[in-house]
Amino acid sequence: MFKIPDLPAIYGKLSVSCIDHRNVQTRQAVVELTGLDMAEIRFASPLLLPVHRHIVLSFELELLSGTVHFTGILTGQVNRGTAGQQYSAIHAMDHTSRAELMQLIKQRNEYAELQRNKATDSYLAFHQMGTPVSSIDTLV
């Protein structure tokens, strides 16, 4: 499974589009993407989804340079925590869509890394190591 790095979390929108082979349309709920591989997506949600029924989910992920839409079939509840439920679903994403999503995630993570590096450089520039900061530094 492709683990989402500890950079800023990826949030998306989820709605239920089919329950027990009957079309439904629910409002969207915010979910956090926690894992993704070639066949499965894992996400955290405050929703209590009935995992014992055949449920088709519609996902919408908005990243820096685009939005990816895809569907998935809920396969189970991974675990239950204080922050909400963890679920897994088999996604119905073709190879092209999956590659596009991975590229958008990569771009987003590179952007977040750049922002983190800028913040670190700014902090280090403000607190230059060559200048004595305390009396201990002047003893050297």
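The values are calculated or read from the model by the stated rules, or taken from the named source; none is laboratory data. This structure is a prediction, so every number in the text was calculated from the model and none was measured. Ideal geometry is used to build each Cβ from the backbone, glycine not excepted, and the neighbour counts take in all protein chains shown.
(1) surrounded by 12 or more Cβ atoms within 10 Å (Cβ to Cβ); (2) outside any helix (DSSP H, G or I); (3) of a type in the set (A, V, I, L, M, F, W, C): which one isn't true of Leu101, the others all being true?
(2)
So which pairs qualify, if the first residue must be in the stretch 35-59 and in contact (Cβ under 8 Å) with a residue 24 or more places away in the chain and assigned to a loop (DSSP other than H, G, I, E, B), the second must be surrounded by fewer than 17 Cβ atoms within 10 Å (Cβ to Cβ) and not small (Gly, Ala, Ser), the Cβ gap must be under 7 Å, and the two must be at least 6 apart or on different chains?
Note: pairs meeting the criteria are Asp37/Met1; Asp37/Phe2; Ala39/Ile90; Val51/Gln77; Arg53/Ile19; Arg53/Asp20; His54/Asp20; His54/His21.
Among the candidates Phe126, Phe59, single out the residue that is of a type outside the set (D, E, K, R) and surrounded by 11 or more Cβ atoms within 10 Å (Cβ to Cβ).
One residue alone meets the criteria, Phe59.
Find all pairs meeting these conditions: Cβ atoms under 6 angstrom apart; at least six residues apart or on different chains; first residue within the stretch 84-100 and more than 17 Å from His54 (Cα to Cα); second residue hydroxyl-bearing (Ser, Thr, Tyr) and surrounded by 15 or more Cβ atoms within 10 Å (Cβ to Cβ).
Gly84/Ser45; Gln85/Ser45
Out of the stretch 70-85, which residues are farther than 14 Å from Leu36 by Cβ, part of a strand (DSSP E or B) and modelled with pLDDT under 85?
Selection gives Asn79, Arg80, Gly81, Gly84.
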